[in-house]
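What follows is one structure encoded as structure tokens, with my remarks underneath.
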Amino acid sequence: MPLIVDEDLCTSCGVCVDRCTMDIIRLNDDGFPYKKYDECWYCGVCEEDCPENALIIDLPFQVK
Amino acid sequence: MELETDILVIGGGSAGSMAAIVAKEQNPDIDVTIIEKAEINRSGSIALGMDALNIVVQPGITTPELYMNSARIATEGILDYKPSYVMAERSYSILKRLEGWGIRFPRDEENKYISLQVHAKGSFLLEMDSPDLKLVLAEKVKEAGVRVINRTIVTKLLVNNEQVIGAMGFNIRTGEFIVCKAKATILANGGCARFSLPNSGYLYGTFDYPGNAGDGYSLAYRAGAQLTGFEFTQCSPLIKDINCPLLYITLTRGAEVVNALGETIDLEYVSTQNMLKELREGKGPIFIKMNHLPEERIQDIERILFTTERPIQKKFWENRGVDFREGLIELGETEYQLCGGHGLTGIVVNEKAETTLKGLYAAGDVACVPLQHLTGAFVFGEVAAEEAVKFVNNNDLGEVDQNLIKDEEQRLLNVMDNNKSGSISVKDFEYKVRRTISDYAIPPKNEIKLKRFLWWLPRFRDDMKDIQVTDHHELSRYEEIQFILDSAELSVHASLAREESRWGWFHHRTDYPEKDDGNWLKHVVLEKGLKSGEVQTLLVDIENGGEH
């Protein structure tokens, strides 16, 4: 259940990391967000608050 | 980090944010601190807003007395008069406060608020248009000059002579140990959403925000406060698999619920219990049907569902290829939860939001003001703040036993040290705990079944030494498993104590299948035994406020 990140749009600002309600997002070595922990509630905050619209979340396989 | 504050608010969601704002309104010179497990801009149960304020008594249209009649029916009599009356009485001023902050409440062509009837008597639910509600609350907290400590889990309350004098916890990223001494403490950290296992099998696929793991119930219980309503394990029929809500939004706009036989189910003001009964009687699957609604109504429903509270629904339906104009929406039973907002569970509070411990207040889902919804979180956020400010004016900071602080810090260090190479992942462990809750702690209940959980409980607690904890994020999940276990222990003891069936399916005992008003129109109150350290149950009369 990866985060889908548009690397051309993402500025590595970290808003998604700051606001994730389950604190599961981190930036990788290239500065792009990924889900470090498999505990997503798919609340959509990361997608909603991304200032560049660079991020899309997918639903976990078990619930989609 | 060690700090002193006048009022410590634990949990910066709806109730906690309101409490902090109102405390500063009452006296800007008072020092107010919020400790929040997530990040305050998007935290608690309304991270992406809410579509309704469920209980508003509008002067000239409804009355607090009418609300009390409805609430008594909805709670089957397990309701103290004063707290719910205060909530109803103050609900309209909450509406006006939110309007003043720019939250929109839609009106009809006669300029009246659009209200919907979801209670037996009276139309109390007001539509609200507020995907940004939490951002607005967070902004007001900031403007008020409240100190906010994000990403911090509280693991223990500081107590001295039955008085709460602050709390301890740690930053879930850095592990920094945090001690906050406070003259007054307001618990506002939600119910227990991670109780039984969702049918999808996905641990975090719960209806309510899964960051709420019963933290507040466990903290209050361990500090010596009384709790009640834990036998009322509650679930809802929501969108199958994803467990997102849509009932009020669709059903109050003309949608119907049909069963597998094509029969329309009588909803009696959106009675979720009627729907769940169809499933249990083998008449499922059950569906929400909207294909008879006009296009503009469908668009209205889609606009709300796809922007507010759980907008992920849009993606879910696209993936399943379901269009509300044609397709049916299958409903499934959510996991069971413990909650003061949707249910009857929580810390015992009076109409002043006071718990049974000096210096400790509770508001929102963590407190037992039955079926209070968002209205209750806001009203009791206000009330808790007003009372805490009075308390702070008359009380100095109590003396803190430094050994309590050292012990808690050492306990957390020991887990990090000893559990480094544990053999069970936190996730696997939580899965088995919650599967066992599903097996034994939810309806249908009976004595033997409930006691099976108590057989497992000490084994789980002992096995926690084998959980692998490699960072502070995992340590926070480890702590949450303790909260879940405590919540389940309280629930099972309450379920055993109430030797009757009440609140429909949610406390159905197959060995006591009848409701018994003669003996059981009472609260089952739980507290930690002073000597034994075990859960003690007491039966307490309902406080009727002179009414019947």
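The values are calculated or read from the model by the stated rules, or taken from the named source; none is laboratory data. Keep in mind that this is a model prediction, so the values were computed, not measured. Cβ sites come from the backbone with ideal geometry, for glycine too, and all protein chains shown count toward neighbours.
Annotations
- Of all residues in the range A:16-48, those that are more than 7 Å from chain B (Cβ to nearest Cβ) and either surrounded by fewer than 18 Cβ atoms within 10 Å (Cβ to Cβ) or outside any loop (DSSP other than H, G, I, E, B) (or both) total 17.
- Of residues in the range B:111-120 being modelled with pLDDT under 95 and surrounded by fewer than 18 Cβ atoms within 10 Å (Cβ to Cβ), the one farthest from B:Arg72 (Cα to Cα): B:Ile114
Residues are listed down the side, and each one gets a yes or a no for (1) more than 27 Å from B:Met416 (Cβ to Cβ); (2) at pLDDT 95 or above; (3) touching a helix residue (DSSP H, G or I) at 6+ places or on another chain (Cβ under 8 Å):
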residue: B:Pro458; (1), (2), (3): no, yes, no
residue: B:Ile467; (1), (2), (3): no, yes, yes
residue: B:Glu474; (1), (2), (3): no, yes, yes
residue: B:Tyr512; (1), (2), (3): yes, yes, no
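- One residue alone among B:Asp132, B:Asp208 is within 14 Å of another protein chain (Cβ to nearest Cβ), acidic (Asp, Glu), touching a residue at least 40 places away in the same chain (Cβ under 8 Å) and touching a Cys at 6+ places or on another chain (Cβ under 7 Å), and that residue is B:Asp208.
- Among the residues making up the range B:299-314, a single one is in a helix (DSSP H, G or I), touching a strand residue (DSSP E or B) at 6+ places or on another chain (Cβ under 8 Å) and facing chain A (nearest Cβ under 10 Å): B:Gln313.
- Candidates B:Glu318, B:Glu326, B:Glu296: the one that is away from every other protein chain (no Cβ under 14 Å) and free of Cβ contacts under 8 Å to residues at least 24 places away in the same chain is B:Glu296.
- Restricting attention to the range B:148-168, the residues being assigned to a strand (DSSP E or B) and within 11 Å of B:Glu36 (Cβ to Cβ) number 5.
- Per the listing B:Ala225, B:Ala213, the residue uniquely within 14 Å of chain A (Cβ to nearest Cβ) and at pLDDT 95 or above is B:Ala213.
- Among the residues making up the range B:470-485, those that are closer than 12 Å to B:Arg194 by Cβ and of a type in the set (Val, Ile, Thr) are B:Ile481, B:Ile484.
- Residue in the range B:417-424 that is surrounded by fewer than 22 Cβ atoms within 10 Å (Cβ to Cβ) and either touching a Leu at 6+ places or on another chain (Cβ under 7 Å) or acidic (Asp, Glu) (or both) present: yes
- Residue in the range B:135-144 that is assigned to a loop (DSSP other than H, G, I, E, B), farther than 19 Å from B:Val383 by Cα and not basic (Lys, Arg) present: no
- Search result, residues across the range B:69-94 that are over 17 Å from the mean Cα position of the chain (by Cα), among the aliphatic types (A, V, I, L, M), in a helix (DSSP H, G or I) and surrounded by 23 or more Cβ atoms within 10 Å (Cβ to Cβ): B:Ala71, B:Ala88
- For B:Leu157, the criteria (1) away from chain A (no Cβ under 14 Å); (2) over 21 Å from the mean Cα position of the chain (by Cα) hold in every case but one, which is (2).
- Number of positions in the range B:475-501 that are in a helix (DSSP H, G or I), free of Cβ contacts under 8 Å to residues at least 60 places away in the same chain and more than 14 Å from chain A (Cβ to nearest Cβ): 4
- The test for being part of a helix (DSSP H, G or I), touching a helix residue (DSSP H, G or I) at 6+ places or on another chain (Cβ under 8 Å) and over 23 Å from B:Ile73 (Cα atoms) does not hold for B:Ala377.
- Test: residue in the range B:332-339 that is within 14 Å of chain A (Cβ to nearest Cβ), within 30 Å of the chain's Cα centre (by Cα) and either in a helix (DSSP H, G or I) or free of Cβ contacts under 8 Å to residues at least 60 places away in the same chain (or both): no
- Verdict on B:Ser425 being within 14 Å of chain A (Cβ to nearest Cβ) and polar (S, T, N, Q): yes
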